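Inspection log for the structure reproduced underneath, given as structure tokens.
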Amino acid sequence: MTFIGKDLKVVGTRPIRPDGVDKVTGRANFGADMTVPGMIWGKIKRSPHAHARILRIDAEKALRLPGVKAVVTAADFPNIAAEEAFAGEAIMDFRDLSRNCMARDKALYDGHAVAAVAASTPAIAEAALELIDVEYEVLPFVIDVEKAMAADAPLLHGELFTQGIEPKPTAPSNIAKRINFTKGDIEKGFREADVVIERRYTTRPVHQGYIEPHACVATVAADGQCSIWSSSQGHFMVRQYCAHLLGIDIANIRAAAAEIGGGFGGKTLIYVEPVALALAKKSGHSVKIVMTREEVFRGTGPAAGSVIEVKLGAKKDGRLTAAEVTLKYQAGAFPGSPVGPGCMCALAMYDVPNANVTGYDVVCNRPKVAAYRAPGAPNASWGVESCLDELALALGLDPLSLREKNAAKDGVKAVHGPTWQNIGYAETLAAAKAHPHWRAPLGAGQGRGIASGFWFNIGGESTASVHVNEDGTVVVATGSPDIGGSRVSMAMMVAEVLGVAVERVRPIVADTSSIGYTFLTGGSRVTFATGMAATEAASRVVDELKKRAAVIWEISPEAVEWRDGMAYPAGQNAGAFEPLPLAEIAFRSARTGGPISAEAAINAQGPGAGFGTHICDVEVDKETGAVKILRYTAIQDVGRAIHPAYVEGQLQGGVTQGVGWALNEEYIYDKDGRLENPGFLDYRIPVASDLPMIDAVLVEVPNPRHPFGVRGVGEVPIIPPTAAVANAIYRAAGVRLRDLPMSPPKVLAAIDEEKG
Amino acid sequence: MSKIHVSTVINDDPVEYLCEPQQSLLDVLRDELNLTGSKEGCGSGDCGACTVIVDGRIVCSCLMLGAEAEGRKITTVEGIATGDKLHPVQQKFLEHAALQCGFCTPGFIVAAKALLDENPNPSEEEARYWLAGNLCRCTGYDKIVRAVLDAAEVMRAEAAE
């Protein structure tokens with residue numbers, strides 16, 4: 001079944017999203033908006049130390065405070081064994097996750113949860129936190145990635161031995177893993193090069209910065225049945241992880257998806273949910289936990305800070321002969337930085353005959369990193385896309401032409417393994433070249449940069465069910481939390497298949513007890529994978545509708561056709577009948593076989609790689625070092641845009657996060673390893689006055705593995721901006737910035753140094 | 001510590017409540033009055049998700065005490081539409097897809113309404129600077145700014161009729 005190349009009525013239009021009115025009137029219920037009878041409030045006590053042994057926790061005074069109902073520490077959670085879990089786009093260990101939610105034996109970063117309290121009001125819970133007495137033995141700490149790799153670095157985990165090196169190490173290390181892959185003969189490749197450029201680029205940790213802090217309400221009944229309402233990127237993920245961490249049968253947890261106020265990967269794991277469940281169990285009350293913004297910054301996963309070393313060799317005509325990349329990523333307190341995807345993305349866009357890519361996953365005394373939009377790729381591409389620009393300058397070539405010359409195309413075997421099929425990278429470069437922005441004149445002190453990005457996208461398990469109501473309206477239920485408008489896309493795909501108006505289809509996000517398993521919202525998978533399930537369920541409904549028409553007409557189902565929301569006799573031989581609209585078949589369903597509905601539970605394959613190319617113009621204020629974004633064009637192969645406005649929105653939003661990463665955002669630690677800027681005043685994300693309009697150009701190279709040609713779109717757009725901005729700054733001000741963020745003091749220092 | 005009695009007007013309705021002296025207006029709205037449309041993104045006046053209009057001026061309700069609402073006139077996101085008729089800013093947010101997750105949206109709707117009450121014909125730059133106190137992490141602001149400027153045009157046309 002494919003709709004690629006067909007004349008479509010709903011897909012590609014811009015209807016108003018069905019959950020929109022609730023969101024513009026304040027009625028939508030997010031994580032913190034839920035209240036249940038008898039509910040009390042939980043608060044989490046956090047370590048003030050970057051690294052400390054927990055010697056003793058005394059909650060007696062807190063428990064004596066009137067209104068306090070329960071205190072929990074690691075002693076209230078099972079001490080679970082190591083077990084690997086696939087967490088969206090990264091590997092994660094349940095033991096680590098448990099210890100991240102509640103420190104056991106050691107606090108590993110400033111902000112690590114060490115105890116929690118539940119009380120009748122937030123004020124009492126807050127006061128009780130102060131009465132919990134924790135005795136620490138403060139230990140030496142390490143935050144910087146290369147310092148953490150040093151032989152004499154303070155060790156976070158005595159039992160951590162570096163994987164991926166031979167012979168097996170005999171001493172523990174902060175390096176959790178070394179990854180390496182090669183292609184061709186790297187030394188030969190550099191020997192053949194006319195020009196070799198070798199550079200080092202660095203980044204600081206940045207936070208996803210979703211505006212909604214983590215929040216949940218948990219209930220544990222006396223018979224052990226639990227319910228969780230929380231803001232997450234996967235309520236099935238919440239159910240599975242909580243069951244694992246607390247030793248509860250999955251069937252005894254019902255998890256519901258609150259409206260989610262942004263996640264960007266940061267809500268693909270749990271923080272407050274198991275704590276609320278433990279407090280609820282101990283107190284006998286439903287417990288609500290809402291993080292403060294400071295807790296979000298100190299206690300939840302930022303993206304890895306990193307060091308990226310890049311060496312590129314090329315012939316005079318720009319053809320790449322060799323590439324060597326080394327990536328060192330901070331994992332935070334537990335192994336699991338996205339250095340693996342970083343290594344795979346680093347050179348994925350280019351047809352390089354000889355390559356060597358090495359990655360290091362390094363623990364340090366910072367919050368455990370969480371996925372952040374194309375996890376690992378922005379760091380790697382910051383290095384490679386900047387270095388390509390430096391190579392273009394050294395060769396005297398146009399940076400766009402250099403990319404065209406080396407762009408991966410169908411049939412090229414990527415450095416990380418796969419042979420490309422049906423990819424649209426070259427199409428994005430062609431669109432960039434043809435765009436008026438690429439040739440627009442620039443003023444004095446202005447510069448233009450270009451950079452590209454690649455992300456795999458994922459498929460995976462999804463369930464969708466489609467029900468035809470008695471009046472011919474339709475409900476589509478899925479298990480995917482809607483983070484950016486995916487419900488409207490589900491309704492549109494179902495409406496297209498059924499041939500009805502999109503307003504006749506109501507999409508909902510069903511709880512974990514009401515729909516089959518669905519993997520979390522991440523990896524740009526929902527419109528692709530859950531959309532595929534919804535399309536499949538709708539197709540089965542069409543089959544059923546044809547059968548019902550056949551019953552009514554007393555002909556064979558094969559003699560019925562479905563078009564424009566109606567059953568037609570397939571030809572003259574089928575008989576002469578007036579077409580039967582969906583509503584009429586629905587109305588008569590009791591007499592033709594009962595309710596009409598279908599479910600599709602799939603493991604979607606073939607997500608379709610995503611490529612994008614961005615053009616950015618900047619102006620640099622040479623007096624202050626401030627960089628102003630003057631114009632921005634983001635071009636991306638999106639496969640097929642179901643709802644183009646929300647696809648454009650993904651591009652525009654990703655660009656803006658990338659610009660924040662480029663110019664302002666960074667975690668700043670003091671000499672004791674405490675985070676100094678855990679708030680939006682000092683951790684500055686872009687605001688409306690920082691940006692121009694962002695031109696989103698949708699290139700559509702259909703993904704043949706999806707019925708409508710969809711590729712994931714959400715992650716690619718955060719990858720190119722850092723290098724696009726740096727490349728533009730170089731052309732505007734003649735200085736090459738290689739350390740993010742390119743904040744005014746750094747730009748100014750570079751300008752002053754250049755002046756001499 | 002005894003609670004403070006407050007009489008105020010919220011969304012044109014007279015309202016009385018008791019609040020603790022340290023309770024913010026945002027906490028009163030959300031936890032005492034069940035007006036959960038105003039959101040807490042930061043609690044420090046940096047994100048604007050809790051924006052309300054107090055006597056014609058936009059205020060971060062997390063920075064104002066519940067007790068300070070005595071005798072004031074307050075509009076929250078729940079009071080922007082008229083019955084079942086959306087305000088043009090709300091309608092244009094929907095038409096332009098100016099929201100993704102929707103968490104910052106209430107604050108933007110309130111701030112944009114206040115902008116257009118004060119300046120019916122803002123330039124793009126004026127709109128961007130007025131809205132610079134509201135953080136959105138999803139949209140890149142492009143569609144938000146377009147929605148506000150489009151709403152301004154609709155409102156000017158309505159006013160001219």
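For the range A:440-462, indicate whether the set of residues that are closer than 23 Å to A:Ala604 by Cβ, among the aliphatic types (A, V, I, L, M), buried (at least 21 other Cβ atoms within 10 Å of the Cβ) and not assigned by TED's automatic domain parsing to the domain that holds A:Phe236 is non-empty. No, the range A:440-462 contains no residue that is closer than 23 Å to A:Ala604 by Cβ, among the aliphatic types (A, V, I, L, M), buried (at least 21 other Cβ atoms within 10 Å of the Cβ) and not assigned by TED's automatic domain parsing to the domain that holds A:Phe236.
Residue by residue, here is whether (1) in contact (Cβ under 8 Å) with a residue 12 or more places away in the chain; (2) surrounded by fewer than 24 Cβ atoms within 10 Å (Cβ to Cβ); (3) in a helix (DSSP H, G or I) holds:
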position: B:Gln91; (1), (2), (3): yes, yes, yes
position: B:Arg128; (1), (2), (3): yes, yes, yes
position: B:Arg137; (1), (2), (3): yes, no, no
position: B:Lys143; (1), (2), (3): yes, no, yes
position: B:Val148; (1), (2), (3): yes, no, yes
position: B:Arg156; (1), (2), (3): yes, yes, yes
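Regarding A:Asp76, is this residue surrounded by fewer than 21 Cβ atoms within 10 Å (Cβ to Cβ), in contact with a helix residue (DSSP H, G or I) (Cβ under 7 Å, 6 or more places away or on another chain) and of a type outside the set (Gly, Ala, Ser)?
Values: surrounded by fewer than 21 Cβ atoms within 10 Å (Cβ to Cβ): yes; in contact with a helix residue (DSSP H, G or I) (Cβ under 7 Å, 6 or more places away or on another chain): yes; of a type outside the set (Gly, Ala, Ser): yes.
Yes, satisfied.
Of the residues making up the range B:93-122, just one is within 7 Å of chain A (Cβ to nearest Cβ), surrounded by fewer than 24 Cβ atoms within 10 Å (Cβ to Cβ) and out of contact with any helix residue (DSSP H, G or I) (no Cβ under 6 Å at 6 or more places or on another chain), namely B:Glu95. The set of residues in the range A:211-222 being at the interface with another protein chain (Cβ under 10 Å from one of its Cβ atoms), assigned to a loop (DSSP other than H, G, I, E, B) and touching a residue at least 60 places away in the same chain (Cβ under 8 Å) consists of A:Glu212, A:Pro213. Does A:Ile751 satisfy the condition of being part of a helix (DSSP H, G or I), farther than 30 Å from B:Ala127 by Cβ and in contact (Cβ under 8 Å) with a residue 12 or more places away in the chain? Here the answer is yes, as A:Ile751 does meet what is asked.
Let's see how each residue does on (1) of a type outside the set (Phe, Trp, Tyr); (2) closer than 29 Å to A:Thr521 by Cβ; (3) buried (at least 18 other Cβ atoms within 10 Å of the Cβ):
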| residue | (1), (2), (3) |
| --- | --- |
| A:Leu63 | yes, no, no |
| A:Pro66 | yes, no, no |
| A:Ala70 | yes, no, yes |
| A:Met102 | yes, yes, yes |
| A:Lys106 | yes, no, yes |
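Could you tell me which of the residues B:Ile58, B:Ile53 is touching a residue at least 12 places away in the same chain (Cβ under 8 Å), more than 8 Å from every other protein chain (Cβ to nearest Cβ), open to solvent by 40 Å² or more (accessible area, probe 1.4 Å) and of a type outside the set (D, E, K, R)? Working first, answer last.
Working: B:Ile53 fails: open to solvent by 40 Å² or more (accessible area, probe 1.4 Å).
Step by step, each of B:Ile58, B:Ile53 is checked, and only B:Ile58 is touching a residue at least 12 places away in the same chain (Cβ under 8 Å), more than 8 Å from every other protein chain (Cβ to nearest Cβ), open to solvent by 40 Å² or more (accessible area, probe 1.4 Å) and of a type outside the set (D, E, K, R).
Give the residues of the range A:735-756 that are under 17 Å from A:Arg199 (Cα atoms) and more than 30 Å from the chain's Cα centre (by Cα), sorted by residue number. Selection gives A:Val735, A:Ala750. Of the residues making up the range A:289-302, those that are open to solvent by less than 10 Å² (accessible area, probe 1.4 Å) and in contact with a Pro (Cβ under 9 Å, 6 or more places away or on another chain) number 8. Looking at the range B:65-87, which of the residues that are open to solvent by less than 20 Å² (accessible area, probe 1.4 Å) and more than 9 Å from every other protein chain (Cβ to nearest Cβ) is nearest to B:Asn11 (Cα to Cα)? Ranking the qualifying residues of the range B:65-87, first place goes to B:Ile74.
If I filter the range A:358-381 down to residues being surrounded by 24 or more Cβ atoms within 10 Å (Cβ to Cβ) and more than 18 Å from the chain's Cα centre (by Cα), which single residue comes out as farthest from A:Arg46 (Cα to Cα)?
So in the range A:358-381, the residues surrounded by 24 or more Cβ atoms within 10 Å (Cβ to Cβ) come out as A:359-381.
Those still in the list that are more than 18 Å from the chain's Cα centre (by Cα) too: A:359-366.
Details: A:Gly359: 32, A:Tyr360: 29, A:Asp361: 25, A:Val362: 23, A:Val363: 20, A:Cys364: 18, A:Asn365: 14, A:Arg366: 13 Å.
Checking each candidate, the answer is A:Gly359.
For A:Val618, all conditions in the list (1) at pLDDT below 95; (2) open to solvent by less than 30 Å² (accessible area, probe 1.4 Å) hold save one; what is the number of the exception? Of (1) at pLDDT below 95; (2) open to solvent by less than 30 Å² (accessible area, probe 1.4 Å), only one is false for A:Val618: (1). One residue alone among A:Glu89, A:Glu83, A:Glu146 is of a type in the set (D, E, K, R), surrounded by fewer than 21 Cβ atoms within 10 Å (Cβ to Cβ), under 27 Å from the mean Cα position of the chain (by Cα) and at pLDDT below 95, and that residue is A:Glu83. Only one of the numbered conditions (1) crowded, with 21+ Cβ neighbours inside 10 Å; (2) at pLDDT 95 or above is violated by A:Pro569, and that is (1). The residues listed here are A:Thr530, A:Thr521, A:Thr478; of these, the one that is under 21 Å from the mean Cα position of the chain (by Cα) and within 14 Å of chain B (Cβ to nearest Cβ) is A:Thr521.
Within the range A:677-701, the residues that satisfy the criterion of being open to solvent by less than 30 Å² (accessible area, probe 1.4 Å), outside any loop (DSSP other than H, G, I, E, B) and either at the interface with chain B (Cβ under 7 Å from one of its Cβ atoms) or closer than 20 Å to B:Ala49 by Cα (or both) are A:Ala688, A:Ser689, A:Ile694.
Could you name every one of the strands (runs of 3 or more DSSP E) located completely within the range B:1-79 that has at least 3 residues being among the β-branched types (Val, Ile, Thr)? I'd like the intermediate steps shown before the answer.
On the way: elements: B:4-10, B:13-19, B:51-54, B:57-60, B:73-75.
Ranges flagged: B:4-10, B:51-54.
Conditions (1) open to solvent by 10 Å² or more (accessible area, probe 1.4 Å); (2) under 28 Å from the mean Cα position of the chain (by Cα), marked per residue:
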{"residue": "A:Ser230", "(1), (2)": "no, yes"}
{"residue": "A:Gly234", "(1), (2)": "no, yes"}
{"residue": "A:Leu245", "(1), (2)": "no, yes"}
{"residue": "A:Ile250", "(1), (2)": "yes, yes"}
{"residue": "A:Ile260", "(1), (2)": "no, yes"}
{"residue": "A:Leu279", "(1), (2)": "no, no"}
{"residue": "A:Gly284", "(1), (2)": "yes, no"}
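Please work out if A:Ile751 is touching a Lys or Arg at 6+ places or on another chain (Cβ under 6 Å) and closer than 26 Å to A:Phe454 by Cα. In short, no. Within the range A:650-664, one or more residues are more than 10 Å from chain B (Cβ to nearest Cβ), open to solvent by 30 Å² or more (accessible area, probe 1.4 Å) and over 20 Å from A:Pro48 (Cα atoms). Do we have any residue at all in the range A:441-454 that's within 14 Å of chain B (Cβ to nearest Cβ), at pLDDT below 95, outside any helix (DSSP H, G or I) and over 30 Å from A:Ala586 (Cα atoms)? Checking the range A:441-454: not a single residue is within 14 Å of chain B (Cβ to nearest Cβ), at pLDDT below 95, outside any helix (DSSP H, G or I) and over 30 Å from A:Ala586 (Cα atoms). Within the range A:48-61, being open to solvent by 90 Å² or more (accessible area, probe 1.4 Å) and outside any strand (DSSP E or B) holds for A:Glu60, A:Lys61.
The values are calculated or read from the model by the stated rules, or taken from the named source; none is laboratory data. Treat the numbers as computed from the prediction; the structure is a model and nothing was measured. So basically every Cβ, Gly included, is an ideal-geometry build from the backbone, and we count neighbours across all protein chains shown. Accessible surface areas use protein heavy atoms only, side chains included; no ligands, DNA or RNA. Shrake-Rupley method; radii C 1.70, N 1.55, O 1.52, S 1.80 Å.
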